[in-house]
Amino acid sequence: MNVYDFDDTIYDGESCLDFFFYYIKKTPYLIKYIPRALYAVLRYKMGKVTVEQALEKYAPMVEEYLASVEDIDADCEDFWNKHMHKIRPFYKELQRPDDIIVTGSPEVSVKVICERLGIKHYVGSVIDKDTGKITRLCMRSQKIPAFLEAYPDVQIDNFYTDSAKNDKPLIDMAQHAFLVKGNKIIQIK
């Protein structure tokens, strides 16, 4: 079975950041949060923020905004209409019917792109659509319990990621692991 990280792996970029810019177009006052959002993504990519620190520092701001979103499902459909082109071409060449996506991105968004790509299995962060509350953040070491809860008996044959550091626990679980840099795939295990 192949398991994939999503952002900067299958998707060319950080979908959460792109979603943030999508909402800036709909809600221009969010522009004041651009430096903070970019800083947060940079710190995450560099491994300088724990899952707990991310939740403590950024979740209240995100949750407050998400609670005000009228129809997040429609927004996700619209977002993917505009961003589908950012799925990297290599994925279609490697795709298998039993692929699993494990990502920090919200399942409400990932569900839409997975349906469009024909991916039936995914695990991501969970957001209560009514309250905006983040009930599960699926990042770094938090990916393991989320993955095992959903797929307790799965053996990972091949794992694909953009970050050997952030996804080390999943790399350790896999028989083979691959680092994705753009459209280049390098076996690291």
What number of residues within segment 30-46 are within 30 Å of Asp98 (Cβ to Cβ) and surrounded by fewer than 18 Cβ atoms within 10 Å (Cβ to Cβ)? 1
Inside segment 124-145, can you point out the residues that are of a type in the set (Gly, Ala, Ser) and surrounded by 21 or more Cβ atoms within 10 Å (Cβ to Cβ)? Gly124, Ser125
From the options Tyr29, Tyr22, Tyr33, residue that is outside any loop (DSSP other than H, G, I, E, B), out of contact with any Leu (no Cβ under 7 Å at 6 or more places or on another chain) and closer than 18 Å to Glu107 by Cβ: Tyr22
Among the residues of segment 172-182, the number that are within 18 Å of the chain's Cα centre (by Cα) and assigned to a loop (DSSP other than H, G, I, E, B) is 1
Considering segment 2-29 alone, what residues qualify as being surrounded by fewer than 17 Cβ atoms within 10 Å (Cβ to Cβ) and among the aliphatic types (A, V, I, L, M)? Leu17, Ile24
Restrict the check to segment 86-99 and report whether at least one residue is within 18 Å of Leu137 (Cα to Cα) and touching a helix residue (DSSP H, G or I) at 6+ places or on another chain (Cβ under 8 Å). no
Quick one: would you say Glu64 is of a type outside the set (A, V, I, L, M) and closer than 27 Å to Glu115 by Cα? no
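Residue-by-condition table, conditions (1) assigned to a helix (DSSP H, G or I); (2) in contact (Cβ under 8 Å) with a residue 60 or more places away in the chain:
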{"residue": "Ser105", "(1), (2)": "no, yes"}
{"residue": "Val108", "(1), (2)": "yes, no"}
{"residue": "Val112", "(1), (2)": "yes, no"}
{"residue": "Ser125", "(1), (2)": "no, no"}
{"residue": "Leu148", "(1), (2)": "yes, no"}
{"residue": "Asn166", "(1), (2)": "no, yes"}
{"residue": "Leu170", "(1), (2)": "yes, yes"}
In this structure, does Arg88 turn out to be surrounded by 13 or more Cβ atoms within 10 Å (Cβ to Cβ), free of Cβ contacts under 8 Å to residues at least 12 places away in the same chain, among the charged types (D, E, K, R) and more than 22 Å from Lys133 (Cα to Cα)? no
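Yes or no, residue by residue, for (1) in a loop (DSSP other than H, G, I, E, B); (2) touching a residue at least 24 places away in the same chain (Cβ under 8 Å); (3) of a type in the set (Ser, Thr, Tyr); (4) closer than 19 Å to Lys26 by Cβ:
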{"site": "Glu56", "(1), (2), (3), (4)": "no, no, no, no"}
{"site": "Glu63", "(1), (2), (3), (4)": "no, yes, no, yes"}
{"site": "Glu93", "(1), (2), (3), (4)": "no, no, no, no"}
{"site": "Ser141", "(1), (2), (3), (4)": "no, yes, yes, no"}
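Only the coordinates and a few stated rules stand behind these numbers; no lab work does. What you see is a predicted model, and the numbers here were worked out from it, not measured in a lab. A quick note on method: Cβ atoms are made from the backbone with ideal geometry, for glycine too, and the neighbour counts reach across all protein chains shown.
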